[in-house]
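For reference, the structure is listed below as structure tokens.
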Amino acid sequence: MMSHDSGPPVAQPEHFEFTPENLGRAKAHIAKYPPGRQQSAVLPLLDLAQRQWGGWLPLAAMHTVADLLEMPRIRVYEVATFYTMFNLKPVGRWLLQVCTTTPCWLRGSDEVVAACQRKLAIDIGGTTLNGLFTLVEVECLGACVNAPILQVNDDYYEDLDGPKTEALLDALRAGTPPPFGSAIGRQGSMATGGKTTLLEEPTPPPWQAALTASGETEEEKSDAG
Amino acid sequence: MPKVTIDGTELEVAPGTTILQACQQAGVEIPHFCYHERLQIAGNCRMCLVEVERSPKPVASCAMPVADGNVILTQSEKARKARHGVMEMLLLNHPLDCPICDQGGECDLQDQAMAYGFDRGRFDEGKRAVRDKDFGPLVATSMNRCIHCTRCIRFLNEIAGVEELGATGRGEAMEITTYVERALGSELSANIVDLCPVGALTSKPYAFVARPWELRKTESVDVLDAVGSNIRIDARGDQVLRVLPRLNEDVNEEWLSDKSRFAVDGLVHRRLDRPYIRRGGRLVEVEWSEALDLVADRMKATPPERIAAIAGDLCDAETMFAAKELLQGLGAQSLDCRQDGARLDSACRAGYLFNTTIAGIERADACLLIGTNPRREAALVNARLRKRYLMGGFRVAAIGPELNLTYPAEMLGDGGDALNALVEGNHPCGEILRNAKAPMLILGQGALRRPDGDRVLGAARALAEACGMIRDDWNGFNVLHVAAARVGGLELGFVPGPGGSGTAAILAGCKSGATELLYLLGADECDLGNTGGAFVIYQGHHGDRGAARADVILPGAAYTEKDASWVNTEGRVQPGRRATFPPGEAREDWTILRALSGALGRTLPYDSLPELRARMRAAHPGFAHIDAIVPAAWGPFGAAGPVDPAPFTYPVDDYYRTDPISRASPTMAKCSQLFGGHPDAAPRTGTHG
């Protein structure tokens, strides 16, 4: 039998209130939607609440959001439990999300996972005792070109392997996160060995030459349009 | 009008009809789980797949409107295979526990698996396990069986108006839950048991009691409120095991309130199963003849003006008719069926009926509630008001203390002063009522049972006339009753005759000695605390307040144990039928009165129920119209004068314990304890902040 029981309940805070700053942000989100449709702001508000509460979303925060948007609490629970980006239990300071979907897996995500497990002595889903790291496995992060990916809080660390992951974890532990992006220094999604195509200067399409000949430049055309 | 061809039959249907509805019109049944005609379309079970020509894939017929020229094949190989596939997938995680499942024998999944099920499973993975939920004392859960049709969620959101149930998680981790464990806060919650197409939600009080094929089914009518919901009583042997709603579009649609459904376990507790006489302060069991002789002797010895009778809330029309004939034959005029003291006038029918009718609420566009909390007093009238609210363009205002209905209502004030202002035209809300096309008002017993109730009635009448509620094609004046017996009693004229006294005067008379003999027909809700030395006869079925005070107890039959008629708040006469026999020596109520009349030497002229009914119909022709509304003529009623500005109070404090049956019910006791009277008053606890 497989159970989706999410384990023992966590200690919930009694109260949650948005900081004045976040309340302002929340109101700005609500104002985007017409009156009576303010429930549409539930996702950004839950995200605000989660960020304010240190990366997880307690029940009290869901209730605050529900009251603010005048929607039934159960509708907020539904949203919060549907999206995996909302954490319903406390997480470490650094939330490590390893992508193990096919492209990352082909490019060695197993090594990234193994490095995390070895270094932090936790399993997938676990949090280190010092509360610094939580390790989770996620589906495609949409950055397959630079696989494998490890998302740390909001940032993507790309092109990782075992040792690089361990170095990254050391830096995080020391509180000095390295710049995010490719760990092998490639720019954007460029091929690892530098350019392999589009090496020559691009030639303009024939119609552009015709336009130039007739005296109409690209700028004029766009101005006219 | 789109033309469609269904399995070779051409058919013309209304625009916007779904394929499934078109198939039903053509007489073709489409299997389905999530679709329900009274709920929004979800389209998530996929069981209703059909083949539509020129459509690349099978189509979920419940969610697809027909297009002109559609050629629909419901029995093709493609459609059949698609349903087989869906059934196999629904059964992946469904446990094979039919032998221990309470739904067995009346399970949609079981039935449809007979037609579309595969004879073996091809799923090698583990089945998912889901923790059972606590939905309170009425609904038992077995969430492994859930197929996520979401009917329960939609019912509570839409019909009950209590958004507490939802689907959390997603995919295989989806669960139907309140998320924070708590009982469902609705007085209609148990309807989700009927809606559940599988055994995930079952009845908790009825758990493991019986199989459907063992039950004797009797179509009857509910009497625990004044709605007159149509019910089916399921009994085995001499015990009523459960009550289910029966379809009546004009009354309860297909819903039933929780009290009406679950109070029946009170029928086996605290029953009066043989006659008693009080001797030396103690009630002693006696034979019928002895009890009847004693009552007859006392009646003969008492001057008729000192004899009085009060009819209770569950009393049937035949009993009240026989009692009235018997007592008026003796010359007694102090009869009353209004044991709460409501100042209703039996002379004008329109003055005590729900004239708009329950179904007629759907045609109204503004509603004023006066001293009534329909959610507690008539849950299904409230559901109808909510249905009207959801259609849009419906404004509700209320006069009375704070209400928690399931739709927004503008609170105009606590009591009489707001009503006075409305009648005088000084209230801004009056404009809304005057400008509405079909305005209605609902006058509750909370406003009528006060000493100035007749002036409240008069004020409401004046308001109805001033706001155009009374027209040839529309009557927006409504009285909402809380007792199933009340309208019947008023129709029969079970009210004080010339020189007779009403309930308050009768009870005061008991104290002062003006009333020497008091006949209680199941009357338990009037104040019997100080009835002095009066000789009290209690005819009823439960050892409740009336029996505690009685000098003689004549054991009668509960509503499930007699063939009798009740008149609901609309004035609709509906027959109840006997499902079981009364316990022990107890007898059907009219036969007790017939026997007493014999002992008195004034034998009533009927020996059978048809004879009694014929006589009753001759005297009161309205009773010949079964399950029909006879519109009431408008006339004068109520009294003129300003209403006392004091706040109104609502008549039902504890929804779960309003009558002798529900007070004897262990299930209702649990609910009452849990909800503190009603789900709308439930204290939010624990994680509810």
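The values are calculated or read from the model by the stated rules, or taken from the named source; none is laboratory data. Given the structure is predicted, the values throughout are model-derived calculations rather than measurements. When we count neighbours, we look across all protein chains shown, and the Cβ atoms used for this are built from the backbone with ideal geometry, even at glycine. Surface accessibility is based on the protein's heavy atoms, side chains included, excluding ligands, DNA and RNA. Shrake-Rupley method; radii C 1.70, N 1.55, O 1.52, S 1.80 Å.
Quick one: which residues, 5+ away or cross-chain, put their amide H under 5 Å from the amide H of B:GLY415? H built at 1.01 Å from N.
Under 5 Å from the amide H of B:GLY415: B:GLY400, B:PHE648.
For peptide B:178-191, compute the average count of partner chain beta-carbon atoms within 10 Å of each residue's beta-carbon.
Shielding by partners across B:178-191 averages 1.
Just to be sure I understand: if I project the alpha-carbon convex hull of chain B onto a plane and average over all orientations, what area do I get in nm²?
Mean projected area of the Cα convex hull: 33.2 nm².
What does the buried accessible surface come to for B and A, summed over both chains, with the probe at 1.4 Å? Round to 100 Å².
Roughly 1900 Å² of accessible surface disappears when B and A pair.
Mind checking the dipole of segment A:139-214: about its Cα centre, +1 per Lys or Arg Cβ, -1 per Asp or Glu Cβ, Debye to the nearest 20?
Charge dipole, segment A:139-214, about its Cα centre: 160 debye, nearest 20.
No partner Cβ under 4.7 angstrom, meaning no disulfide-compatible partner by this rule: which Cys of chain A qualify?
Singleton cysteines: A:CYS116, A:CYS140, A:CYS144.
Can you list, largest first and rounded to whole Å, the semi-axes you get for segment A:94-182 by taking the square root of 5 times each eigenvalue of its Cα gyration tensor?
Result for segment A:94-182: semi-axes of 19, 14, 11 Å.
Run the Debye formula on the Cα coordinates of segment B:303-431, all scatterers equal and no solvent, and tell me log10 I(q)/I(0) at q = 0.17, 0.19, 0.20, 0.23 1/Å.
Here the Debye-derived log intensity ratios amount to -0.99, -1.12, -1.19, -1.42.
If I take R0 = 30 Å and measure r between the Cβ atoms of A:ASP155 and A:HIS15 in this structure, what FRET efficiency does the formula 1/(1 + (r/R0)^6) give, to the nearest 0.05?
0.45
How are the C-alpha pair distances of segment B:74-190 spread across 10 Å bins, as whole percents from the shortest bin up?
Over segment B:74-190, the share of Cα pairs per 10 Å bin runs 12, 38, 34, 15, 2 percent.
To the nearest 20 debye, what is the magnitude of the charge dipole of chain B about its Cα centre, counting +1 on the Cβ of each Lys and Arg and -1 on the Cβ of each Asp and Glu?
For this selection, approximately 460 debye.
Could you run the Karplus curve 6.51 cos²θ - 1.76 cosθ + 1.60 with θ = phi - 60° over segment A:32-49 and give me ³J(HN,Hα) per residue in whole Hz, x for Gly and Pro?
So the J values, rounded to whole Hz, are 5, 10, x, x, x, 10, 5, 4, 4, 7, 5, 5, x, 5, 5, 5, 4, 5.
Which of the chymotrypsin sites (Phe, Trp or Tyr not before Pro) found in segment B:249-304 are loop residues per DSSP with 14 or fewer other Cβ atoms within 10 Å of their Cβ?
Answer by residue number: there is no such site.
Explain nothing, just compute: Karplus ³J(HN,Hα) = 6.51 cos²θ - 1.76 cosθ + 1.60, θ = phi - 60°, for every residue of segment B:565-579 in order, whole Hz, x for Gly and Pro.
10, 10, 10, 7, 5, 7, x, 8, 7, 10, x, x, 10, 6, 9
Out of residues 5 or more away from B:PHE354 or on other chains, whose amide H comes under 5 Å of its own, with H placed 1.01 Å from N in the peptide plane?
B:VAL479, B:GLU570, B:GLY571
Average partner chain C-beta neighbours within 10 Å, per residue of A:71-82?
That average works out to 6.
Please give the solvent-accessible surface of B:LEU390 in Å², to the nearest 10, using a probe radius of 1.4 Å with every protein chain present.
That residue has around 90 Å² of solvent-accessible surface.
Calculate for chain B the 222 nm mean residue ellipticity that helices alone would give, adding -39,500 (n - 2.57) per DSSP H run of length 4 or more and normalising by residue count, nearest 500 deg cm²/dmol.
-7500 deg cm²/dmol
Using just the helices of chain A, give the 222 nm mean residue ellipticity in deg cm²/dmol: DSSP H runs with n ≥ 4 each add -39,500 (n - 2.57), and the total is spread over all residues, rounded to 500.
That comes out to -11500 deg cm²/dmol.
Place the peptides B:50-57, B:201-208 in order of packing, highest mean first, counting for every residue the other Cβ atoms within 10 Å and averaging per peptide.
The densest-packed peptide leads the list: B:201-208, B:50-57.
Place +1 on the Cβ of every Lys and Arg and -1 on the Cβ of every Asp and Glu in the protein assembly as shown, take the dipole about the Cα centre, and give the residue among B:THR5, A:MET62, B:HIS269 whose Cα lies farthest towards its positive end.
Result: B:HIS269, furthest along the dipole toward the positive end.
List the GluC sites (Glu not before Pro) within segment A:24-119 that fall in a DSSP loop (any state other than H, G, I, E or B) and whose Cβ has at most 15 other Cβ atoms within 10 Å.
Loop-located and lightly packed - A:GLU70.
Averaged over its residues, how many other protein chain Cβ atoms are within 10 Å of peptide B:160-167's Cβ atoms?
Averaged over the peptide's residues, the number is 3.
With unit charges on the beta carbons (Lys and Arg positive, Asp and Glu negative) and the dipole taken about the Cα centre of the protein assembly as shown, which residue among B:LEU49, B:ILE72, B:MET114 sits farthest to the positive side?
B:MET114
Can you give the three extents of the C-alpha atoms in chain A along their principal axes, from longest to shortest, in whole Å?
74, 52, 40
Mind checking which of A:GLN52, A:GLN38, A:LEU23 is farthest towards the positive end of segment A:20-82's charge dipole, using Cβ charges of +1 (Lys, Arg) and -1 (Asp, Glu) about the Cα centre?
It is A:GLN38, whose Cα lies furthest towards the positive end.
Cα convex hull of the protein assembly as shown: how many Å³ per residue?
253 Å³
Can you compute 3J(HN,Hα) from phi for each residue in segment B:16-23, using the Karplus curve 6.51 cos²θ - 1.76 cosθ + 1.60 with θ = phi - 60°, rounded to whole Hz and x for Gly and Pro?
x, 5, 7, 4, 5, 5, 4, 5
On a 1.4 Å probe surface of the protein chains, which of B:GLU561, B:GLU219, B:GLU402 comes out largest in accessible area, and what is the full order?
Largest accessible area first, the residues go B:GLU402, B:GLU219, B:GLU561.
Taking the Cα centre as origin and putting +1 on Lys and Arg beta-carbons and -1 on Asp and Glu beta-carbons, what dipole magnitude results for the protein assembly as shown, to the nearest 20 debye?
It comes to approximately 1600 debye.
With every protein chain kept in place and ligands, DNA and RNA left out, what is the accessible area per residue of segment A:72-198? Probe 1.4 Å, answer in Å².
51 Å²
Going by average Cβ neighbours within 10 Å, how do the peptides A:201-207, A:27-33 rank, with the highest at the top?
A:27-33, A:201-207
Please compute the modelled spin-label separation between B:ALA624 and B:ASP653, points set 7 Å along Cα→Cβ, answer in nm with one decimal.
Result for the modelled spin labels: 4.6 nm.
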